[in-house]
2 protein chains.
Amino acid sequence: MKLDPKFVQNLSDAANRMRISAIQMTCASKSGHPTSSCSAAEILATLFFSEMKFDVSQPKHPAADRFVLSKGHACPILYAAWEEAGHLTHEQVMSLRKIDSDIEGHPTPRLDFIDVATGSLGQGLSCAAGMAYVGKYIDKAKYRVYCLLGDGESAEGSVWEAAGFSSYYKLDNLVAIVDVNRLGQSQETMLGHDVETYRKRFEAFGFNAIVVDGNDVADLMRGFVLARFSKDKPAAIIAKTLKGKGIENIEDKAIEARIVDKNGKGTLKVHKPEGDVPQANLNIGNIHIAAPNYKKGDKVATRAAYGTALAKLGDACPRVIGLDGDTKNSTFSEKILKAHPQQFIECFIAEQNLVGVAIGAGCRDRTIPFASTFAAFFTRATDQLRMGAVSFANIKCAGSHVGVSIGEDGPSQMALEDLAIFRSFPSSTVFYPTDAVAAERATELAANTRGIVFIRTGRPANPVIYDNNEHFEIGKGKVVRESDKDTVLLIGAGVTLYECLKAADTLAGEGIHAAVIDPFTIKPLDKELIAKHAKRVGGKVVTVEDHYPAGGIGEAVCSAMSEEGNIRVKSLCVTGVPRSGPPDALLEMFGISSTHIVKAVKHLLH
Amino acid sequence: MKLDPKFVQNLSDAANRMRISAIQMTCASKSGHPTSSCSAAEILATLFFSEMKFDVSQPKHPAADRFVLSKGHACPILYAAWEEAGHLTHEQVMSLRKIDSDIEGHPTPRLDFIDVATGSLGQGLSCAAGMAYVGKYIDKAKYRVYCLLGDGESAEGSVWEAAGFSSYYKLDNLVAIVDVNRLGQSQETMLGHDVETYRKRFEAFGFNAIVVDGNDVADLMRGFVLARFSKDKPAAIIAKTLKGKGIENIEDKAIEARIVDKNGKGTLKVHKPEGDVPQANLNIGNIHIAAPNYKKGDKVATRAAYGTALAKLGDACPRVIGLDGDTKNSTFSEKILKAHPQQFIECFIAEQNLVGVAIGAGCRDRTIPFASTFAAFFTRATDQLRMGAVSFANIKCAGSHVGVSIGEDGPSQMALEDLAIFRSFPSSTVFYPTDAVAAERATELAANTRGIVFIRTGRPANPVIYDNNEHFEIGKGKVVRESDKDTVLLIGAGVTLYECLKAADTLAGEGIHAAVIDPFTIKPLDKELIAKHAKRVGGKVVTVEDHYPAGGIGEAVCSAMSEEGNIRVKSLCVTGVPRSGPPDALLEMFGISSTHIVKAVKHLLH
């Protein structure tokens, strides 16, 4: 490969200018990661000014190559690259880590050139793989996806989940670059500078792995060319670098000496994106599905209704996709696979990657991703979801098999913390549909709602209680039973709503009348409706949930009522580690059956 | 290698008897995973009756080899192995999945031969690695650790975190066995029967990897012998099997025909454990550390005090160990490393494995593990912690750098969901020490408390407010400010307690008197103390926390007061995605500073 020596020098000069800028930023902010930035200067310079095709004036151009900085703590060098490209001014990058600046300590999509927030290590490659999958199979476009990882973070299992996925799907439009600078935060990494082992690992995971000198722009260019020749395989550039490269003598002069052409700034041009990508009008807010089609009393699991609605969403919007972690026959996401095979991504048993791929697939509004697995196993991706919130990601999660009502499979499969976790993320929406009609509407509303949306579905088939034309809204609960003789308010969702209704029947037989509310969304909670009825019945409320106490329906209601005064809430929930057994027996044993509700009501009223 | 053909036949017969029993169990329970059980019949038979050394009458003998069934859904074959060994009766195993039986749908330590619950895939190898690390470096004993994984679950990144760890620490007493039966739950696995790729992956991760026919006991025996020759490397047996092996003809007769010696049951003997292990008297409940040594007003971060106390615990009990994920210089766990290098395990940037290793290290009461990293990164191990609760595991987690008060590093590093997550696990204990004295005592109490214990520590150095001889108890809060003129109760912890005190000063200047409570533990919460003072001041409470709303201090207090009536709680917390900036400015911007408290109090009182 013959390279123009002047261009190589220009690139090298750019890397050093970026390095200097990154050091200046971190000196000004008095914190940050200058050494991790410096090791990657040549990588970023080569990517930005030789390899990638993008549009500086429109960083999220749909046809542009994507770049994910998985080692987010090295963001000063990324900011410096955008400065070198002319998108940021030096004054802007010098505002690093200031409270009124979007040049944050770790990158977030508050900046127009960031697709996903990073800073929790090991997550970038999954997001990049999601983008690459969409590029290759959905957009069928030419754009490529580059992801820069640190060596230390390659200890994160999520990296290998993403690697296995990427080779399985032959993502030859994906390039992982590992900045092997040898040093972690507190000591040398497990593999140090052993680039051969990195090469073997990526090769074993199906990558075309190429070792280069990561502080040599010419060698990096060679590596990227080889990566382009990688057909049906993703590529990994194993870049051996020095942490803090270029700052042995911290004085500007020592570094500046390496910049051969001092007037070189601005001479490097960025390659514009080539080719078109198809329109992807997600139409969020206006996606409609055919009305549910059930008979009241039909026994249908909410997870089955979720699958039905997802398939209908697939009809309504070709950019709605389903993703699953080898549970599609249990979560019923297989219904969209059957109806629209191109709108489904099997992610196998790797839930962190499932969520990461979904987040990546949703970037730049290319798709509306619906990820599903057992709700218990979404806990595996809690950190990815947490970062999804920081990314303002648009991802829908349907978690099935919640609570003790799954029965015989036992506690390892029972989600009992999921409401707490999904409620905790800022601006999340949490649906807990009780019947099949509600579940279909929740799924439709989820597609039309931006942000992290969780749909909690159940295993057991329970009777349909709503009309097919019942109207559902986010934050609007349903009063499913009321009379003017009510002296207590019962709140349940899913299986426990049926227990509430049963309890209300029993109580009515004893002359005690109970109103029953189905909240539909746990976040936002219909505070007004609950407060109104709580007051109407005299301030006595019983909540019942197939979930542990913390962060669930009980705490959500207590917190919503906490400023009212004069409302007493008794919360029934699962308090110990459950066990295998028949669902009904477990509801009874763990204190959330109708008999427990009846007892709690009597206790509260006396 | 010459094998006794009769012994081989006996083993093979045993595998078939186990297979039949597993099928009988799942037929009786009408659910479960007979096919995943059957593929592993020969593996279990060979392990139990040829390879492993253990004591049937004392399954958790400290000197015995350990076995972890990472593919927990195959537990019927494990139960059948213990039946074959004479520890369980056929009647017992036939109670599979019944509510009054500990023979659960996935294994839990309710059974005396289970160390860790499994059923959430990919977690077993980390626990096994923790046991092997303790065996090799702490117990310095001969026992070996065997872990059976499914092929589908090897897509979980946590498997590769554990693999990297195991080879780094040269755990040649660890054998991973992968049951490559080709099929996942909903379709073929990514690699199908491509055992060569499994071999390459484990080799690249530093294992001595051996491919065998996993339904051939002789070939398995050969594999285990080779594994014993693996010096300074863990071994991986890649066992090619058939899912549902032996049940093509489900009739008992067809299967029974393969059992050559029908009188063979009971002829196989188990090898007894050899060698001794040192005593490991953990002395839980009676571990005492030297008193804290601070001056009131000294500025000390609670994370630093945690490190100090951990080092003291290391003095007091040689079985207290620290583990970290390459953040030891930030969490201050490096203090125990410096004081007692043998009592520290660096787990690098792989938090799932960090928690899994800690859980494994705590098994059979060999150690009291204290795992630390940024609290935000414990979210990466939420599923491991959830399973830890199902395992009744004894693990202490110290999460540092909580909330917006970490400042410039930005939202990716800020734990704001951690209280919700750690509170959600049944029987967890959650400490939130405000000052250095409290942090030392929290750490000491953690060592003396079984179960999942979380210690929430902060980044900023704040003044010591407690006497060195202040006495702390779990579930007992501290009234840090009170007068008989109080008309409002403020509750804060960590940084927000200081804000409460500042607000109380400001309010006092305006004639409004506020009591201030430091809860010390958020779970259990000192309900009595809070209720008493809430009533004393007239029922007005303001909670303030550096955490998102769901599942935090506010909801814990609301829920604790929910049955009281007449107590109004206003909760201040972080409600949006934070950003980089100086800590104080962030407390102000995100609504949890003293000025916001003052405003909330005035609003509540008028």
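If we scan region B:4-12, do we find a residue that is within 24 Å of B:LYS272 (Cα to Cα) and within 31 Å of the chain's Cα centre (by Cα)?
Of all residues in region B:4-12, those within 24 Å of B:LYS272 (Cα to Cα) come to B:4-12.
Within this subset, residues satisfying the condition of being within 31 Å of the chain's Cα centre (by Cα) are none.
Taking every residue of region B:4-12 in turn, none turns out to be within 24 Å of B:LYS272 (Cα to Cα) and within 31 Å of the chain's Cα centre (by Cα).
Every residue in region A:380-393 that is in contact (Cβ under 8 Å) with a residue 60 or more places away in the chain and either in a strand (DSSP E or B) or touching a helix residue (DSSP H, G or I) at 6+ places or on another chain (Cβ under 9 Å) (or both), please.
Start the filter on region A:380-393 by keeping residues that are in contact (Cβ under 8 Å) with a residue 60 or more places away in the chain, which leaves A:383-393.
A:ASP383, A:GLN384, A:LEU385, A:ARG386, A:MET387, A:GLY388, A:ALA389, A:VAL390, A:SER391, A:ALA393 - these are the residues of region A:380-393 that are in contact (Cβ under 8 Å) with a residue 60 or more places away in the chain and either in a strand (DSSP E or B) or touching a helix residue (DSSP H, G or I) at 6+ places or on another chain (Cβ under 9 Å) (or both).
Quick one: count up the residues across region B:236-253 that are of a type in the set (Gly, Ala, Ser) and either assigned to a loop (DSSP other than H, G, I, E, B) or at pLDDT below 80 (or both).
Just the residues of region B:236-253 that are of a type in the set (Gly, Ala, Ser), to begin with: B:236, B:239, B:244, B:246.
Adding the requirement that they be either assigned to a loop (DSSP other than H, G, I, E, B) or at pLDDT below 80 (or both) leaves B:244, B:246.
Here the count works out to 2.
Just one of (1) of a type in the set (Gly, Ala, Ser); (2) assigned to a loop (DSSP other than H, G, I, E, B); (3) surrounded by 15 or more Cβ atoms within 10 Å (Cβ to Cβ) fails for B:ALA290. It is (3). Within region B:361-379, being over 26 Å from B:HIS547 (Cα atoms), in a helix (DSSP H, G or I) and out of contact with any Phe, Trp or Tyr (no Cβ under 8 Å at 6 or more places or on another chain) holds for B:GLY362, B:CYS363, B:ARG364, B:ASP365.
Which condition does B:VAL56 not pass, out of (1) closer than 26 Å to A:GLY407 by Cβ; (2) in a loop (DSSP other than H, G, I, E, B); (3) more than 25 Å from the chain's Cα centre (by Cα), if it passes all the others? Unmet condition: (1). For region B:415-428, the set of residues classified as buried (at least 24 other Cβ atoms within 10 Å of the Cβ) and either charged (D, E, K, R) or at the interface with another protein chain (Cβ under 8 Å from one of its Cβ atoms) (or both) consists of B:LEU416, B:GLU417, B:ASP418, B:ALA420, B:ILE421, B:ARG423, B:SER424, B:PHE425, listed by residue number. Filtered by the rule that a residue be in contact (Cβ under 8 Å) with a residue 40 or more places away in the chain and facing chain B (nearest Cβ under 7 Å), region A:556-585 gives A:VAL577, A:ARG579, A:SER580, A:GLY581, A:PRO582. Summed over region B:170-183, the residues that are crowded, with 22+ Cβ neighbours inside 10 Å and not β-branched (Val, Ile, Thr) give a count of 6.
Yes/no per residue for (1) within 14 Å of chain A (Cβ to nearest Cβ); (2) surrounded by fewer than 24 Cβ atoms within 10 Å (Cβ to Cβ); (3) at positive phi:
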{"position": "B:THR367", "(1), (2), (3)": "no, no, no"}
{"position": "B:ARG386", "(1), (2), (3)": "yes, no, no"}
{"position": "B:ASP435", "(1), (2), (3)": "no, no, no"}
{"position": "B:GLY451", "(1), (2), (3)": "yes, yes, yes"}
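Applying the selection to region A:167-183, what residues are farther than 20 Å from B:GLY325 by Cβ and either within 10 Å of chain B (Cβ to nearest Cβ) or among the charged types (D, E, K, R) (or both)?
The initial filter retains those residues of region A:167-183 that are farther than 20 Å from B:GLY325 by Cβ, namely A:167-177.
Matches in region A:167-183: A:SER167, A:TYR168, A:TYR169, A:LYS170, A:ASP172.
For region A:292-306, the criterion of being closer than 26 Å to A:ALA128 by Cα and among the acidic types (Asp, Glu) is met by no residue. Among the residues making up region B:395-414, those that are touching a His at 6+ places or on another chain (Cβ under 8 Å) and away from chain A (no Cβ under 11 Å) are B:VAL402, B:GLY403. Residue check: B:SER166 meets all listed conditions (1) out of contact with any Pro (no Cβ under 6 Å at 6 or more places or on another chain); (2) under 22 Å from B:LEU354 (Cα atoms) but one, namely (1).
Taken residue by residue, region A:73-80 has no member that is in a loop (DSSP other than H, G, I, E, B), more than 27 Å from B:GLY157 (Cα to Cα) and more than 14 Å from every other protein chain (Cβ to nearest Cβ).
Only one of A:ILE345, A:ILE336 is more than 9 Å from every other protein chain (Cβ to nearest Cβ), outside any helix (DSSP H, G or I), touching a Phe, Trp or Tyr at 6+ places or on another chain (Cβ under 8 Å) and of a type in the set (Val, Ile, Thr); which? Walk me through how you get there before you give the answer.
Working: A:ILE336 fails: outside any helix (DSSP H, G or I).
Criteria check complete, one pass: A:ILE345.
Does A:PHE392 satisfy being modelled with pLDDT of 95 or more and surrounded by 24 or more Cβ atoms within 10 Å (Cβ to Cβ)? The answer is no for A:PHE392.
Here is a list: B:GLY130, B:GLY135, B:GLY124, B:GLY86. Which entry is within 12 Å of chain A (Cβ to nearest Cβ) and either surrounded by fewer than 24 Cβ atoms within 10 Å (Cβ to Cβ) or not aromatic (Phe, Trp, Tyr) (or both)? Talk me through it step by step, then tell me what you get.
Values: B:GLY130 fails: within 12 Å of chain A (Cβ to nearest Cβ); B:GLY135 fails: within 12 Å of chain A (Cβ to nearest Cβ); B:GLY86 fails: within 12 Å of chain A (Cβ to nearest Cβ).
Criteria check complete, one pass: B:GLY124.
All but one of (1) facing another protein chain (nearest Cβ under 9 Å); (2) surrounded by 18 or more Cβ atoms within 10 Å (Cβ to Cβ) hold for A:PHE520, so report the exception by its number. Only one criterion is unmet by A:PHE520, namely (1). When region B:12-46 is filtered for residues that are assigned to a helix (DSSP H, G or I), among the hydrophobic types (A, V, I, L, M, F, W, C), away from chain A (no Cβ under 14 Å) and crowded, with 23+ Cβ neighbours inside 10 Å, the ones remaining, listed by number, are B:ALA14, B:ALA15, B:MET18, B:ALA22, B:ILE23, B:CYS38, B:ALA41, B:ILE43, B:LEU44, B:ALA45.
Among B:LYS243, B:LYS265, which is the only one that is in contact with a helix residue (DSSP H, G or I) (Cβ under 7 Å, 6 or more places away or on another chain), among the charged types (D, E, K, R), surrounded by 19 or more Cβ atoms within 10 Å (Cβ to Cβ) and touching a residue at least 40 places away in the same chain (Cβ under 8 Å)? One residue alone meets the criteria, B:LYS243.
Checking the conditions here, which among A:ASP546, A:ASP526 is of a type in the set (D, E, K, R), under 24 Å from B:PHE425 (Cβ atoms) and modelled with pLDDT of 95 or more?
Details: A:ASP526 fails: under 24 Å from B:PHE425 (Cβ atoms).
Unique residue meeting the criteria: A:ASP546.
Entry remark, region B:184-203: residues being buried (at least 21 other Cβ atoms within 10 Å of the Cβ), within 18 Å of A:GLU346 (Cα to Cα) and more than 8 Å from chain A (Cβ to nearest Cβ) number 1 in total. Being crowded, with 18+ Cβ neighbours inside 10 Å, at pLDDT 95 or above and acidic (Asp, Glu) is a property that B:ASP505 lacks. Given the criteria surrounded by 24 or more Cβ atoms within 10 Å (Cβ to Cβ), farther than 27 Å from B:LEU88 by Cα, more than 9 Å from every other protein chain (Cβ to nearest Cβ) and modelled with pLDDT of 95 or more, does B:SER154 qualify? It is false that B:SER154 is surrounded by 24 or more Cβ atoms within 10 Å (Cβ to Cβ), farther than 27 Å from B:LEU88 by Cα, more than 9 Å from every other protein chain (Cβ to nearest Cβ) and modelled with pLDDT of 95 or more. From the list A:PHE374, A:PHE431, A:PHE378, A:PHE392, the lone residue that is within 13 Å of chain B (Cβ to nearest Cβ), aromatic (Phe, Trp, Tyr) and over 11 Å from the mean Cα position of the chain (by Cα) is A:PHE374. Being surrounded by fewer than 24 Cβ atoms within 10 Å (Cβ to Cβ), assigned by the TED database to the domain that holds B:THR118 and in a helix (DSSP H, G or I) is a property that does not hold for B:LYS142.
The values are calculated or read from the model by the stated rules, or taken from the named source; none is laboratory data. The model shown is predicted, which means the values in this text are computed figures rather than measured ones. Please note: Cβ atoms are built from the backbone with ideal geometry, for glycine as well, and neighbour counts cover all protein chains shown.
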